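Notes for the one structure printed next.
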Amino acid sequence: MSDLLKSVHGTPYWMAPEVINDTGYGRKSDIWSVGCTVFEMATRNPPLAHMDKMAALFYIGAQRGEMPTLPDGFSDNAKDFVKFCLTK
């Protein structure tokens, strides 16, 4: 794997765990980013926007907590889509 694929790129709120933990990125991290984008399009804020950027990085990187879900009012299909995209 090239060094470019293992370098950290991205904006904290949209970064996948494997990117934060410097284990490379690929399709899985792209799917994570799609989930973050859909979440933001639906709520006007990225997941974990209530946290400081560094706190969000540690939260995602530690993989200890669940990511937020879409609020009530969205279809079950939409909620499931975002949930599956943001599953570590």
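How about the range 62-88: which of its residues are at positive phi and in contact with a Lys or Arg (Cβ under 9 Å, 6 or more places away or on another chain)?
First, the residues of the range 62-88 that are at positive phi: 63, 73.
Once the filter is applied, which keeps residues that are at positive phi and in contact with a Lys or Arg (Cβ under 9 Å, 6 or more places away or on another chain), the range 62-88 yields only 63.
Of all residues in the range 53-64, those satisfying the criterion of being within 16 Å of residue 36 (Cα to Cα) and either without any contact (Cβ under 8 Å) to a residue 24 or more places away in the chain or loosely packed, with under 14 Cβ neighbours inside 10 Å (or both) are 53, 59, 63.
Yes/no matrix, rows are residues, columns are (1) modelled with pLDDT under 85; (2) part of a loop (DSSP other than H, G, I, E, B); (3) surrounded by fewer than 17 Cβ atoms within 10 Å (Cβ to Cβ):
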{"site": "1", "(1), (2), (3)": "yes, yes, yes"}
{"site": "22", "(1), (2), (3)": "yes, yes, yes"}
{"site": "34", "(1), (2), (3)": "no, no, yes"}
{"site": "42", "(1), (2), (3)": "no, no, yes"}
{"site": "45", "(1), (2), (3)": "no, yes, yes"}
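The values are calculated or read from the model by the stated rules, or taken from the named source; none is laboratory data. Quantities reported herein were computed from a predicted structural model and do not represent experimental measurements. Reconstructed Cβ throughout: ideal geometry from the backbone, glycine too, with neighbour counts over all protein chains shown.
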